[in-house]
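Step one of this worksheet: look at the structure below.
Each value in this text was obtained by applying a stated rule to the coordinates, not by laboratory testing. The shown structure was predicted, so the numbers you read here are calculated from the model rather than taken from an experiment. In this analysis, Cβ positions are derived from the backbone assuming ideal geometry, glycine residues included, and neighbour counts consider all displayed protein chains.
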């Protein structure tokens, strides 16, 4: 019962470096999303997808890219990391069309120096 | 755009007592879904309770209950008989109706401290 798996759990980057946060779910969920959590800001939606090949921007998409080539995977790419991207990132998934809960990964803490 | 407001950044409660966390939201929809999520220090997000707007009855889950006031667009969470394990960040969230956007919108959270 893996659920939503995020890797890595911790990462330190230098400004300008690139990296990919991986997210995989084994529940056959159509909807997948990435949030960032910052103190006093709650969870803000970065990008989301309602199925393979379909992605869309959320509230704070700048500086991030996503793709959805399979139902299971939804990686988040930082092409040129900036200190403002220091945050905790959560991947979450759910079935579409129903009111079921959003299942979250354990989060990834990213620090950009 | 829909917004969710949690006006209490921090709250505290004595163990075994009752505490209420506030949440208000803004929407023009008549049918939607509301959630409370708990985030303990482990960082894992856990669903506490869910309410469908078309249901007049307030949702309850053991010691957790909501006061859903649709006209006032208010969705408060009541925790009864508070326990040390209830200490966490609590997030209120809104989801548009089925057939609409699949996105959940979260409030900024309330940090709950439980004092022994």
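Over what distance in Å are the Cα centres of segment B:50-74 and segment B:1-34 separated?
11
What residue among B:54, B:94, B:25 has the largest mean-square fluctuation in a Gaussian network model of chain B, using Cα springs under 10 Å?
Highest fluctuation among the options: B:54.
For chain B, calculate the relative contact order in percent as a whole number, restricting contacts to Cα pairs under 8 Å that are 6 or more residues apart.
Relative contact order of chain B: 37 percent.
Which order results if A:21, A:13, A:79 are arranged by neighbouring Cβ count within 10 Å, fewest first?
Neighbour counts put them in this order, fewest first: A:79, A:13, A:21.
With label points built 7 Å along Cα→Cβ from the Cα atoms of residue A:14 and residue A:86, find their separation and express it in nm.
1.7
Working out 0.36 nm times the residue gap between residue B:80 and residue B:54, then minus their Cα-Cα distance, what length gain in nm do you get to one decimal?
Here the answer is 6.8 nm.
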